[in-house]
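Visitor: Just passing along the structure, written as structure tokens.
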Amino acid sequence: DTEVTQTPKHLVMGMTNKKSLKCEQHMGHRAMYWYKQKAKKPPELMFVYSYEKLSINESVPSRFSPECPNSSLLNLHLHALQPEDSALYLCASSQPGTGIPYEQYFGPGTRLTVT
Amino acid sequence: GENVEQHPSTLSVQEGDSAVIKCTYSDSASNYFPWYKQELGKRPQLIIDIRSNVGEKKDQRIAVTLNKTAKHFSLHITETQPEDSAVYFCAASGTALIFGKGTTLSVSS
């Protein structure tokens with residue numbers, strides 16, 4: 001299995017809602033990532049988990065809360081989002097590297113709309 | 001931190017022509033340089049990558065070159081086909097991937 005899966009594919013939420021995005025991989029990768037991608041822009045790194053521990057947080061607002069329950073799963077909890085948070089949220093995974101980067105494979109993304 | 005510049009932002013070619021996309025990076029510690037292709041509404045897909053101990057890598061119609069001294073790397077697509085039309089992103093990695101702004105490639109038949 002060489003795929004990263006994400007649910008849901010689409011999500012519409014109000015600014016007062018709480019929702020979660022889910023990501024799963026079964027490639028045995030021990031590094032997982034959340035990216036945000038706006039239309040016609042490159043992916044922007046939000047969080048990195050390595051061996052289920054948060055290793056990079058790119059100054060993301062606290063209304064985004066990541067969680068890595070185990071080596072195959074990655075969640076992104078959303079609360080009190082703003083309309084400007086509407087974007088494609090991409091999950092990726094790779095082997096973790098200490099000075100040795102490995103290929104990152106992306107999931108299909110969740111298209112989030114905040115109303 | 002790392003900064004990646006990518007040019008051109010748009011590129012239009014005729015089917016069968018070659019296409020070249022260039023990127024420069026700022027952090028000499030970066031040692032991994034992947035290229036991703038993203039079709040409309042789809043995920044970024046890794047198409048080729050190169051590590052800092054290699055100067056060139058080829059996979060069928062796609063090749064990547066790396067000049068560590070000048071801190072630039074390029075994607076070369078030969079014999080382009082309409083299905084090559086997409087947005088291409090270069091990236092550089094030390095501890096995390098930093099992407100260029102992307103190149104929209106259009107191949108007309």
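Visitor: Can you tell me which of B:6-16, A:42-52, A:64-74 comes out highest on packing, and rank the rest after it, using the mean Cβ neighbours within 10 Å? Working shown, then result.
Guide: Details: B:6-16: 13.6, A:42-52: 19.7, A:64-74: 16.4.
In decreasing order of mean packing, B:6-16, A:42-52, A:64-74 become A:42-52, A:64-74, B:6-16.
Visitor: Within the range B:52-108, which GluC sites (Glu not before Pro) sit in a loop by DSSP and count at most 12 neighbouring Cβ atoms inside 10 Å?
Guide: Working: sites: B:GLU56, B:GLU79, B:GLU83; in loops: B:GLU79.
Filter output for the range B:52-108: B:GLU79.
Visitor: Once all Cα-Cα distances of the range A:33-115 are split into 5 Å bins that start at 0, what whole-number percent is in each one?
Guide: 3, 13, 26, 27, 18, 9, 3, 1, 0
Visitor: Which whole-number percent gives the relative contact order of chain A, counting Cα pairs below 8 Å spaced six or more residues apart?
Guide: Values: 292 pairs, mean separation 41.6, N = 115.
RCO, chain A: 36 percent.
Visitor: Moving on. How about the protein assembly as shown: what cysteines have no other cysteine beta carbon under 4.7 Å from their own?
Guide: A:CYS68
Visitor: Still on this model: Would you mind getting me the FRET efficiency between B:LYS68 and A:LEU73? Use the beta-carbon distance for r and R0 = 35 Å, nearest 0.05. Don't skip to the answer; put the middle values down first.
Guide: On the way: r = 38 Å, r/R0 = 1.08.
Here the calculated transfer efficiency is 0.40.
Visitor: Let me ask something else about it. Roughly how many Å is it from the Cα centre of the range B:23-82 to that of the range A:6-77, as a whole number?
Guide: 26 Å
Visitor: Only sites in a loop by DSSP and with at most 10 other Cβ atoms within 10 Å count here; which trypsin sites (Lys or Arg not before Pro) in the range A:18-106 make the cut?
Guide: Details: sites: A:LYS18, A:LYS19, A:LYS22, A:ARG30, A:LYS36, A:LYS38, A:LYS40, A:LYS53, A:ARG63; in loops: A:ARG30, A:LYS38, A:LYS40, A:ARG63.
Here the sparse-neighbourhood loop sites are A:LYS40.
Visitor: Cα convex hull of the range B:4-109: mean projected area in nm², to one decimal?
Guide: Values: hull surface 24.6 nm².
Value for the range B:4-109: 6.2 nm².
Visitor: Hey, rough spin-label estimate for B:HIS7 and A:GLU84, points 7 angstrom out along Cα→Cβ, what's it come to in nanometres?
Guide: Between B:HIS7 and A:GLU84, the label points sit 3.0 nm apart.
Visitor: Past 21 Å, Cα to Cα, is the threshold; run B:LYS22/B:LYS68; A:LYS40/B:LYS71; A:LYS53/B:LYS101 against it and keep the listed order. Let's see the in-between values first.
Guide: Details: B:LYS22/B:LYS68 14 Å; A:LYS40/B:LYS71 25 Å; A:LYS53/B:LYS101 29 Å.
Flagged as over cut-off: A:LYS40/B:LYS71; A:LYS53/B:LYS101.
Every number here is computed from the coordinates shown, using simple stated rules; none is lab data. All figures in this text were calculated on a predicted structure; none of them were measured in a lab. Here Cβ is always computed from backbone atoms with ideal geometry, including for glycine, and neighbour counts include all displayed protein chains.
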